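Notes to accompany the following structure.
The values are calculated or read from the model by the stated rules, or taken from the named source; none is laboratory data. Quick caveat, the model's predicted, so the values are computed rather than measured. Here the Cβ positions follow ideal geometry from the backbone for every residue, glycine too, while neighbour counts run over all protein chains shown. The accessibility values were calculated without ligands, DNA or RNA, using every heavy atom of the protein model including side chains. Shrake-Rupley method; radii C 1.70, N 1.55, O 1.52, S 1.80 Å.
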Amino acid sequence: MYALEMNHITKEFPGVKALSGVNLKVRQGEIHALCGENGAGKSTLMKVLSGLYPSGTYTGEIKVDGEPKTFASITDAERAGIAIIHQELALVKEMTIGENIFLGSEPVKRGVIQWDQLYRAAADWLERVGLHMSPDTPIGNLGIGQQQLVEIAKALSKHTRILILDEPTAALTESEVEILAGILNQLRSQGVSCIYISHKMPEVFRLADSITVLRDGQTIATLDRNETNDDQIVSLMVGRELTERYPRVPHRPGEVVLEVNHYRVWHKEKADQKVIRDASFQLRRGEILGIAGLMGAGRTELVSSLFGAYEGRAEGEVRINGKPARIRSVADAIAAGMALVTEDRKRQGLVLPMDVKTNTTMATMGRVSRFGIINDNEEIRWGEQYVRELKTKTASLETPAGTLSGGNQQKVVIGKWLMSNPTILIMDEPTRGIDVGAKYEIYNLMNRLVEQGVAILMISSELPEVLGMSDRILVMCEGQLVQELDYREATQETIMLAATGGK
Ligand SMILES: Nc1ncnc2c1ncn2[C@@H]1O[C@H](COP(=O)(O)OP(=O)(O)OP(=O)(O)O)[C@@H](O)[C@H]1O
Ligand SMILES: [Mg+2]
């Protein structure tokens, strides 16, 4: 008997059949990875399971421990022992850790919340997930990895038997991934089943006992980890053989377009602290310059400051095309020919309720409007071009960006900045949350841009991506640029050594 069975699940949205007859069977106490390209239906399937899409809004059958179940709400699913941690974190920033864990299920005695009891219980759960912090810390003070652990503590506090994690490690550091892996292994030994969504194959193979692949809203296969491999899963996902992951083509770097000398940036709140202690580098026309480093090394602060989007004070010399540049705002940066694809599409990249076409043309209204009047045809033409080039999966150009799958939202962000026709394109984790097939399309597109003379500055935490795509690699460590490497001499080891402050 399976801990969970989902049979023939079909779910439609206006104009999109997100799931057509999906089957998923999960054993008790196993980690079951759910893999598939962006838009394959993974998150939708999990939203059906967790009651977010209540029974009646889909067809098919859910069985828990062999018993048929219908969930009218999230609370219903939680009562059956099912909890989900969503792709985008959902904690309340203004509340404490403890309040968040017990939000909606506070211990109450005669109508009064028992705060002592709540905080004691919260401390216990934090202990269980290995987060050594006081439960009265506000969530706003926590990093993404720590918030993830709070989400897990919250899920466990509901006596979860089936825990769903939707891309839990997209934004985690190595050591946080390590902690998470430890917790999942422990849960497995306690008989909890985990459904684990990830685009990172090494992680899937390290953690999962079995793997189900979805493609275009259908179940393609469920395989035992020991009877399959990385390449097979990837080709099942994309529906074809994918022999090469990084399309490397020879680049011909030209003159320097961006020169940065002794650049320093101060913390936006703590004005006496530097987030960038010293950075000097040159970026050339027609090359990809990678920036590697651990989370917190200051890479995002460096590029967002150069782009006029970081609030902390900055000093040092910046030259664009040989001339001194003073960039005080994003508008200045765009005017100077820069574009920034941010890592956080929800906060900085997209206006979720607005449609795909508007999001695409937003940063460059000048190109689709005259005298302040938007030319619809132009807007549609550009929108269509980027949807086609990036193979964005969307029902139409009028679809609200917020309803696209995570990876497809990222493609809209990329399209928006490509449209501004930049000479300097900065990409901060450009393929985070993007499936292998779509990654390949983005890499090809980067190569085409470079051929046209665009200079690309790419931050990436995925070392194979940095090594596979960059011409040169800068390594940052604690706010400092510590090393520059040619891709031919760089290895994962040399980069890690520099990034961790080794010599
Ligand atoms: N609320 C919604 N309204 C309309 N369409 C939706 C909605 N949610 C999802 N879809 C569509 O359903 C399909 C499946 O989306 P889903 O989010 O499940 O993909 P996913 O496998 O989780 O992808 P990713 O890896 O990018 O997160 C996509 O085509 C998506 O655009
Ligand atoms: Mg998803």
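Data overview
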| item | result |
| --- | --- |
| Answer residue from region 19-55, given it is of a type in the set (S, T, N, Q) and away from ligand 1 (no atom under 14 Å from the Cβ) and is surrounded by the most Cβ atoms within 10 Å (Cβ to Cβ) among those | Ser55 |
| Which listed residue is within 30 Å of Ala40 (Cβ to Cβ) and not assigned by TED's automatic domain parsing to the domain that holds Asn38, from Ala271, Ala292, Ala297 | Ala292 |
| Residue match in region 176-185 (condition: within 16 Å of ligand 1 (Cβ to nearest atom) and within 17 Å of the chain's Cα centre (by Cα)) | no |
| Among residues of region 413-435, those that are within 15 Å of ligand 2 (Cβ to nearest atom) and more than 27 Å from Gln282 (Cβ to Cβ), counted | 3 |
| Residue list for region 94-135, restricted to those being hydroxyl-bearing (Ser, Thr, Tyr) and either assigned to a helix (DSSP H, G or I) or free of Cβ contacts under 8 Å to residues at least 40 places away in the same chain (or both) | Tyr119, Ser134 |
| Residue that is farthest from Gln87 (Cα to Cα) [pool: residues in region 149-175 that are in a loop (DSSP other than H, G, I, E, B), away from ligand 2 (no atom under 16 Å from the Cβ) and within 21 Å of the chain's Cα centre (by Cα)] | Thr173 |
| Enumerated strands (runs of 3 or more DSSP E) restricted to region 256-309, each holding at least 3 residues that are out of contact with any helix residue (DSSP H, G or I) (no Cβ under 7 Å at 6 or more places or on another chain) | 256-266, 274-284 |
| Test result for Thr222, polar (S, T, N, Q), in contact (Cβ under 8 Å) with a residue 24 or more places away in the chain, surrounded by fewer than 19 Cβ atoms within 10 Å (Cβ to Cβ) and over 30 Å from Ala122 (Cβ atoms) | yes |
| Flag for Glu398 being within 16 Å of ligand 1 (Cβ to nearest atom), over 20 Å from the mean Cα position of the chain (by Cα) and either open to solvent by less than 10 Å² (accessible area, probe 1.4 Å) or over 18 Å from Leu340 (Cα atoms) (or both) | yes |
| Residues (assigned to a strand (DSSP E or B), within 23 Å of Leu404 (Cβ to Cβ) and either open to solvent by less than 10 Å² (accessible area, probe 1.4 Å) or more than 13 Å from ligand 2 (Cβ to nearest atom) (or both)) located in region 7-18 | Ile9, Thr10, Lys11, Glu12, Phe13, Val16, Lys17 |
| When residues of region 61-94 are limited to those that are of a type in the set (A, V, I, L, M, F, W, C) and open to solvent by 60 Å² or more (accessible area, probe 1.4 Å), the one modelled with the highest pLDDT | Ala72 |
| Residue match in region 224-235 (condition: outside any strand (DSSP E or B), farther than 26 Å from Gly21 by Cα and touching an Asp or Glu at 6+ places or on another chain (Cβ under 8 Å)) | no |
| Single condition Val238 does not satisfy, out of (1) buried (at least 16 other Cβ atoms within 10 Å of the Cβ); (2) modelled with pLDDT of 90 or more | (2) |
| Failed item, numbered, when Gln232 is tested on (1) modelled with pLDDT under 90; (2) more than 25 Å from Ser189 (Cβ to Cβ) | (1) |
| Only one of Leu404, Leu418, Leu449 that is open to solvent by 10 Å² or more (accessible area, probe 1.4 Å) and under 15 Å from the mean Cα position of the chain (by Cα) | Leu404 |
| Top-ranked residue in region 191-212 [being surrounded by fewer than 20 Cβ atoms within 10 Å (Cβ to Cβ) and modelled with pLDDT of 95 or more; ranked as farthest from ligand 2 (Cβ to nearest atom)] | Asp209 |
| Number of the exception - Ser461 against (1) assigned to a helix (DSSP H, G or I); (2) crowded, with 18+ Cβ neighbours inside 10 Å; (3) among the polar types (S, T, N, Q) | (1) |
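Yes/no per residue for (1) within 14 Å of ligand 2 (Cβ to nearest atom); (2) within 18 Å of Ile164 (Cβ to Cβ); (3) not acidic (Asp, Glu):
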| position | (1), (2), (3) |
| --- | --- |
| Ala3 | no, yes, yes |
| Leu24 | no, yes, yes |
| Gln28 | no, yes, yes |
| Gly39 | yes, no, yes |
| Lys47 | yes, yes, yes |
| Leu52 | yes, yes, yes |
| Ser55 | no, yes, yes |
| Val64 | no, yes, yes |
| Pro68 | no, no, yes |
